[in-house]
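This report concerns only the one structure given below.
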Amino acid sequence: MERMLSAKRWGRGRSKGRRGRALLLLALSGFGMNAAPAQQKKDSCVECHAALEGPLAEPVAVMKEDIHRQRGFSCAECHGGDPSSDDLLAAKDPKTGFIGRPSPRAIPAFCGRCHSDAEFMKRYNPALRVDQEREYFTSIHGKRLRAGDTRVATCTSCHGAHGIRSAHHPLSPVYPLNVAETCARCHADATYMKGYRLPHDQYDRYKRSAHARALYERQDLSAPTCNDCHGNHGAVPPGATSVARVCGQCHVRQSELFHTSPHKAAFDALQLAECVYCHGNHDVLSPTDEMIGTGERSVCISCHTPGDAGYQAAERMRALLDELSHELERARAILDRAERAGMEVSRAKFELSQAHDALTHARVLVHAFSVKELESAIRPGLDVARRGYQAGEKALAELTYRRKGLAVSLLFILVLAALLYLKIRELEGRS
Amino acid sequence: MRVETWRSWLDERLGTAAVREFLRAKEVPIHRHTIWYYFGGMTLFLFVVQVVTGALLLLYYRPSAENAFESVQFIMTEVEFGWLIRSIHSWSANLMIATLFVHMFSAYFMKAYRPPRELTWVSGTVLLFLVLAFGFSGYLLPWNKLAFFATKVGTDIAGDVPLIGPFLLRFLRGGDEVTGATLTRFFGFHVAILPGITTIVLTVHLVLVQKHGMSVPPSLEGKNLRTMKFFPNFLLRDLVGWVLAVGALAALAALFPWGLGEKADPFAPAPAGIKPEWYFLFMFQTLRLLPARVGIIEGEVFGVTLFLLGGIFWMLVPFLDTPTSSGWRSRFFTGLGVGLVFYIVAMTVWGYLT
């Protein structure tokens, strides 16, 4: 009966397929048969393909790792056919709904048959989204596929065809640590990308970025990889006017400040790509204070010229940041020196962290491009840093005082010891 | 005249004349090993320094997980000469253990445990264990990161003592983990229980030393040795050593103030390469070198048992070294002592280098 239901399901259209799936589930659950025991049933697909060699044996070889297989699905659930038959022709009879290898154009619908069906999916993974197929067709990949380009990525390009693992599995090609490599399989291939007039160095540039360092070196899985900015199923490059919002998913404060700053209107007018214009995109490096101001590495001077208000503001903002950095460094150095000399300065060092926080806050506030606001963050930091420096000076002065005190004490101690020695000599001389 | 009046007044009430007479009669033999006699007095002096500085630290120290670190920080930064008192307390503790080891091994090699001084030796070894307990309990009191994890490791090792290990571990920690309860407990041990016991054992030790006088090595026994008066000659020489020790402590405290480190955080990972204080390092290194299992016994349990038996053996040396007691030379025990010194030094150095 199950076989028949399966055959009906694959032989008919999509709506009928849904009914068929519902009946299949009913059959599995209603008769006390969950999906797992179905695996032990005869499966001529597995039997034959296991005996084959090369690519035809591969589906069986990797199916143990497959999440669908682990949930109790067999080959026929996706490919149709009659797995109870040992006869090749009967098992692959088109009347049984046998599909074989779906064409690239058919793959989104092939997977979407289950993955776009909320009723069906919630029986297995209620938390999983069911709009991937719809979203896919909003992506450049989906649009081009619809237009007939079968070289673009479909579901199987990223997730694999057989041996599909959960996206949370560290070996899955779509696990955060593997996403960039998965995208790079096509996007870093110059030959493959030739016809698309797209660069192919994004992967190399990304690997140099601060984001990649956080992801690969610190193993911070929340650090962005390709899909965090481009989307995954709906992958598109973010537009010039929306890129700040994409970056703002993580850099919330910077994005807010930028959107309320005078730069927002100016960037829109010039059609500049907001964050990307100053920070780059794939090779986003850790920002430095040199990016602001009027120095050689400043990004401000690409628009502002000497004498204009923005140029002066940039100069002033850089001076403020430099002043706090300098004071902070000076305080750290003297406190470190005192600490190395054995002085107890942990409290002063702890308090100095407020100055470091102020500097971090100021570096974020730069995105408001307001000298006044920046000054309001820098001033308290400067006060703390100067207090830290004074604490260091006090500790070193105390150290000098101790050493002088020691010298005087040692003098008295040695004199006392000498006197005792003389007394002993006198006593022993007498006896 | 007035001094005489006071003296006779005191004598009538306290019997000080007998003490004066005892001091006048007490003599110290002079020979090539006399220098070792000073280490007992030096250890005693450093113990007194510990008592005095410890009492001063008690004025500001607060024994709780919330306040201990901050109170020591306050002592080091805000209290007038607090840094000096705390640094002297820490340095003096280490010097005291060092001089105690020298005193113990000099007594051992001079066979000072020969009859009738067996109990002097036994009380001395008990004092050694008490001083090590002082060191272990005092180390935790600043409640810093290193002390926290060293105590965790140390109490874990105590948990390996056969039969009573699990009880001992909970008793020391005041629970299953090192917490504020452990700190309060260690503070109690450090300032009340251990000083109480030490006072009694130390009194016994000193009374026995006075009763039996200074021992001379067997090779010099029976020879007509020169002597010096204990009072004032020997005591004045002791005093020179003590005055110089004060100078050394002041120099160490001023030039190398005892650090405080970071406050203990029970949720932080243990710092890499954590090691106990130098006087426990030879035992720690031995335990590290032992395999996971020695026969049917767990390696660490085996090691701890070995050290326990070793401690008991060491304490009973006067009763086991029968040749020496009978007036013969005992090469075995001399060799054992030399081997032990080499073992302790080698393991300590190894422990520091690895």
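Every number in this text was worked out from the coordinates using simple rules, so none of it is lab data. Keep in mind that this is a model prediction, so the values were computed, not measured. Because the Cβ atoms are built from the backbone with ideal geometry, glycine has one as well, and the counts that use them run over all protein chains shown.
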- Pick out which of A:Leu414, A:Leu321, A:Leu399 has the largest mean-square fluctuation in a Gaussian network model of chain A, springs linking Cα atoms closer than 10 Å. A:Leu414
- Message: About the Cα centre, and with charges only on the beta carbon of Lys, Arg (+1) and Asp, Glu (-1), how big is the dipole of the stretch B:66-195? Nearest 20 debye, please.
- Response: 540
- Query: What's the local net charge at B:Glu4, with K and R +1, D and E -1, over the other residues with C-beta under 14 Å away?
  - Reply: +1
- Near B:Lys111, which lysines are there with a Cα under 18 Å away, not counting those fewer than 8 places off in the same chain? B:Lys211, B:Lys223
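Which links in A:Lys41/A:Lys122; A:Lys41/A:Lys95; A:Lys404/B:Lys229 stretch past 28 Å when you go from one Cα to the other? Write down the numbers at each step before the final one.
Working: A:Lys41/A:Lys122 25 Å; A:Lys41/A:Lys95 21 Å; A:Lys404/B:Lys229 39 Å.
Violating the 28 Å limit, Cα to Cα: A:Lys404/B:Lys229.
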- For helix A:14-30, report the angle its Cα long axis makes with the longest principal axis of the Cα atoms of chain A; keep it between 0 and 90° and round to the nearest 10°. 80
- Enumerate the lysines that A:Lys194 could reach by cross-link, defined here as Cα to Cα under 23 Å, with residues fewer than 8 away along the same chain left out. A:Lys143, A:Lys207
- Within a Cβ distance under 12 Å of A:His169, other residues only, what is the Lys/Arg minus Asp/Glu net charge? -1
- Message: Considering the Cα positions of the protein assembly as shown, please state its Rg to one decimal place and its Dmax as a whole number of Å.
- Response: 41.0, 134
- Note on the structure: Normalised per residue, the volume inside the convex hull of the alpha-carbon atoms of chain B in Å³ amounts to 180
- Neighbours of A:Gly295 by Cβ distance under 11 Å: Lys/Arg at +1, Asp/Glu at -1, summed charge -3
- Note on chain B: helices (DSSP H) long enough, at least 27 Å by alpha carbon along their axis, and hydrophobic enough, mean Kyte-Doolittle at least 0.0, are B:38-58, B:82-109, B:118-140, B:235-255, B:331-353
- Query: Where the only charges are on Cβ atoms (+1 Lys, Arg; -1 Asp, Glu), what is the dipole of the stretch B:31-353 about its Cα centre, to the nearest 20 debye?
  - Reply: 1200
- Helix-only [θ] at 222 nm, chain B, -39500 (n - 2.57) per DSSP H run of 4+, per residue, nearest 500, equals -22000 deg cm²/dmol
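Compute the normalised compactness of the stretch A:309-404: alpha-carbon radius of gyration over 2.2 N^0.38 Å, N being the residue count.
Taking N as the residue count of the stretch A:309-404, the ratio is 1.26.
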- Query: Under 19 Å from the Cα of B:Lys263, which aspartates and glutamates turn up, not counting those fewer than eight places away in the same chain?
  - Reply: A:Asp336, A:Glu339, A:Glu344, A:Glu351, B:Glu66, B:Glu70, B:Glu78, B:Glu177, B:Glu277
